[in-house]
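Trainee: Have a look at this one.
Values quoted throughout were computed directly from the atomic coordinates according to the rules given, and no laboratory measurement underlies them. Source: prediction; values computed, not measured. For neighbour counting, all protein chains shown are included, and Cβ atoms are generated from backbone atoms with ideal geometry for every residue, glycine included.
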């Protein structure tokens, strides 16, 4: 269960801190309308991700009879994590911009996240396999993974809104870059874990 919790914390922190459509909206809403509106954007995954998780779990569980497909999905998940790690390594900070529309931050954030392909790709290739593997050990491990993931995902975005509301420089400077480099290393490690699991599934069918 501890391993599942740590995986959720690391992946959630990486997703929460990485630049992306939701982060850009959060930054712009915070700069223009204040910390409260930025926090509303940060809460958007609580609205959108329940159906996304349900959909990807439904699709993934229908594939459990195919070890080949599961192995390929696991390898695809590892490749996705390597892509996220690459994005973490190459980031030079978050571009601060005050361009944004009127408030309605929660609904705007929900729409942005709902039409962002990253949550779907993550849950299909990384989240759902990891969650189901943890469930196979104990349901509490799966719960720990989800709780850890969303604690860091939403928590880091709330922290981002608070920090940006109080200072404009931290997330364009070296502390942010160093944090993203460290998260990139952890993502590479988890990517190779998925590669190992996927290769093991492919070996079974030989």
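Trainee: Of 181, 36, 90, which is the most mobile in a GNM of the chain whose springs link Cα atoms less than 10 angstrom apart?
Mentor: Looking only at 181, 36, 90, the largest GNM fluctuation is found for 90.
Trainee: What FRET efficiency would be calculated for the residue pair residue 79, residue 107, taking the C-beta separation as r and a Förster radius of 41 Å, to the nearest 0.05? Walk me through the intermediate numbers first.
Mentor: Numbers: r = 33 Å, r/R0 = 0.81.
Efficiency for this residue pair is about 0.80.
Trainee: Here is a follow-up. Against the longest principal axis of the chain, how steep is helix 21-33, in degrees 0 to 90 to the nearest 10, with axes from Cα atoms?
Mentor: That helix lies at roughly 20 degrees to the long axis.
Trainee: At a Förster distance of 22 Å, what's the computed FRET efficiency of residue 62 paired with residue 202, Cβ-Cβ distance as r, to 0.05? Working shown, then result.
Mentor: Values: r = 19 Å, r/R0 = 0.88.
Calculated value: 0.70.
Trainee: Find the relative contact order for segment 2-204 and round it to a whole percent, using C-alpha pairs within less than 8 Å whose residues are 6+ positions apart.
Mentor: Details: 294 pairs, mean separation 93.2, N = 203.
Here the relative contact order equals 46 percent.
Trainee: Sum -39500 (n - 2.57) across every DSSP H segment of at least 4 residues in the chain, then divide by the residue count to get the 222 nm mean residue ellipticity, nearest 500. Before the final figure, lay out the partial values.
Mentor: Values: 10 runs with 164 residues, N = 206.
Calculated from helices alone, the mean residue ellipticity at 222 nm is -26500 deg cm²/dmol.
Trainee: When the convex hull of the Cα atoms of segment 2-204 is projected onto a plane and the area is averaged over all directions, what value comes out in nm²? If you can, show how the numbers build up before the last one.
Mentor: Details: hull surface 42.5 nm².
So the Cα hull casts an average projection of 10.6 nm².
Trainee: Take residue 167 and residue 182, extend 7 Å from each Cα along the Cα→Cβ direction, and tell me the distance between the two endpoints in nm.
Mentor: Placing both labels 7 Å beyond Cα along the Cβ direction yields 1.6 nm.
Trainee: Report the gain in length on full extension from residue 54 to residue 90: 0.36 nm times residue separation, minus Cα-Cα distance, nm rounded to one decimal. All intermediate terms of the calculation are to be shown ahead of the outcome.
Mentor: Working: separation 36, 0.36 × 36 = 12.96 nm, distance 3.25 nm.
Taking 0.36 nm per residue and subtracting the Cα distance, the gain is 9.7 nm.
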